[in-house]
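For reference, the structure discussed in these notes is given below.
Quick note: the coordinates plus some simple rules give every number you see, no bench work behind them. Model, not experiment: these values are computed from the prediction. Virtual Cβ from ideal backbone geometry, glycine too; neighbours counted across all protein chains shown.
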Amino acid sequence: MKKYFKSMVLILLCVSLFLLISGCGQSESKTSDSKTDISNKKDWPKGIAVSSAPLGGTFHVYATAWASIINKNLGIATNVEATAGPIANLQLVDNGQSDVGLVTMGPAYEAYNGIGWTDKKHQNIRTIFPMYVSYLHWFVAPNTNIKTVADFEGKVVGTGARGGTPDYYTVKILDDLGIKASRIINSSFSEYANLMADKTIHAFGVFAPTGHPTGAEVIRTQNAKVMGLGEKSKELAKKYGITSGIMKAKSYEGQTEDIETLTIYSAFAVNKNLPDSLVYELVKTTFEQKNELQKAVIQAAELNLDIVPDSITAVPLHPGAIKYYDEKGVKLPKSAYPPEYSK
């Protein structure tokens, strides 16, 4: 009897051990399947720096929301830095001081090719995904009699941070049209609301999606009006290598008519030396978490695979981004492939 009892105990112990080992194996398999491929993370940096724009603008809001999503989903520290804007970001990403930068495609194309605002080729930049289309528009203080850009003659105009997209294009437009403002003020958008209230500034411009937070504020609280470039839009868009379009009526409170102006796509760009596996995960996570991103920044609604070929391929894509778009069946033009790309 004792011998039988010992045999049964031994059998039960063996069965329990087998089940324990099997359970651990299954648990381990399920855990590894549910996570990002950890084996590819060995080459990832401990954190990434993201260059955005001045405080109070859409770029900074977008970058902050995106960084939070990346940190939460990929477990990589993501630090957002306020900068002068896209041109500064292109320089920072190209020289490796920033890993990621929010840019606009007109200056990005010029940077990559060493034309326009720079005579140096910034060929370490790679685009990864489009953000949204932006419109050049100005917010005009009441009782200034400013109805067109020509009326900026002798006026005080805010253009955002020096080197930012609205600054770059407003200055070009004024020069090309022979209009001389009495003064250009470079500052943050949030500061322009105070300057307008104090009657220190007549107008300020943004190159941003509709619904710019500071612009909407001065319309609501100071009865400011919104204005675009108008009839010169197509002519100057062709000259600058960008596009023109229509900002629909009711884009802002009190805007009763469509406004024609310059348009440009914004995008995320990275340094070409970021690991392919990291960039792949950045792009994949961004598209998969679009709804979460849209809760923080409404312009994320424009994030779409369909616009990738025409919006951001004037500058080559990063190979990690190309891998994701290939998986999704996106047909890319030749200009999208960088020199280092190999299938």
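How far is helix 213-222 tilted off the main Cα axis of the chain, in degrees rounded to 10, range 0 to 90?
The angle comes out near 40 degrees.
For segment 135-264, evaluate the Debye formula with one uniform point scatterer on each Cα (no solvent term) and list log10 I(q)/I(0) at q = 0.20, 0.22 Å⁻¹, rounded to two decimals.
-1.18, -1.46
Indicate, rounded to the nearest 5 percent, the antiparallel portion of the DSSP beta bridges found entirely in the chain.
The antiparallel proportion sits near 70 percent.
Please determine, in degrees from 0 to 90 and to the nearest 10, the orientation of helix 2-34 with respect to the longest principal axis defined by the Cα atoms of the chain, where the helix direction is its Cα long axis.
So the inclination is approximately 20 degrees.
Output the peptides 304-310, 152-158, 221-227 sorted from most to least packed, where packing is the average of other Cβ atoms within 10 Å over each peptide's residues.
152-158, 221-227, 304-310
Between residue 131 and residues 5 or more places away or on another chain, which pairs have amide H atoms under 5 Å apart, with H built 1.01 Å from N, and which residues are they?
Hits under the 5 Å cutoff: 266, 267, 268.
Taking only the alpha-carbon atoms of segment 147-191, what semi-axes of the equivalent ellipsoid follow from 5 times the gyration tensor eigenvalues under a square root, in whole Å, largest first?
17, 12, 8
If you bin every alpha carbon distance in segment 185-343 into 10 Å steps from zero, what whole percent lands in each bin?
Per 10 Å bin, starting at 0, the Cα pair percentages come out as 9, 29, 30, 22, 10, 1.
Only Cα pairs under 8 Å and at least 6 apart count here; give the relative contact order of segment 135-264 as a rounded whole percent.
33 percent
Nearest 500 deg cm²/dmol is fine: what mean residue ellipticity at 222 nm does the chain get from its DSSP H runs of n ≥ 4 alone, each adding -39,500 (n - 2.57), divided by its residue count?
-12500 deg cm²/dmol
Report relative contact order for the chain in percent, whole number only (criteria: Cα-Cα under 8 Å, sequence separation at least 6).
With pairs under 8 Å counted, the relative contact order is 21 percent.
In segment 222-307, if the dipole is taken from +1 on Lys/Arg beta carbons and -1 on Asp/Glu beta carbons about the Cα centre, which of 259, 294, 305 is farthest to the positive end?
259
Sort 253-263, 61-71 by the packing proxy (mean of other Cβ within 10 Å over each peptide's residues), most packed first.
Highest to lowest by the protection proxy: 61-71, 253-263.
Starting with the fewest neighbours, write out 234, 323 ranked by other beta-carbon atoms found within 10 Å of each beta-carbon.
234, 323
Note down, for segment 32-134, the three equivalent ellipsoid semi-axes (square root of 5 times each alpha carbon gyration tensor eigenvalue), biggest first, whole angstrom.
26, 17, 12
Bins of 10 Å, beginning at zero and ending with the bin holding the largest distance: percent of Cα pairs per bin for segment 222-294, please.
Pairs per bin, as whole percents: 16, 27, 25, 26, 7.
Less than 15 Å Cβ to Cβ from residue 57, Lys/Arg counted +1 and Asp/Glu -1: what total charge do the surrounding residues give?
Spelling it out: positives minus negatives among the neighbours equals -3.
Hey, if you drop one equal point scatterer on each alpha-carbon of the chain and run the Debye formula without solvent, what base-10 log of I(q)/I(0) do you get at q = 0.07, 0.08, 0.10 Å⁻¹?
These q points yield log10 I(q)/I(0) values of -0.35, -0.44, -0.62.
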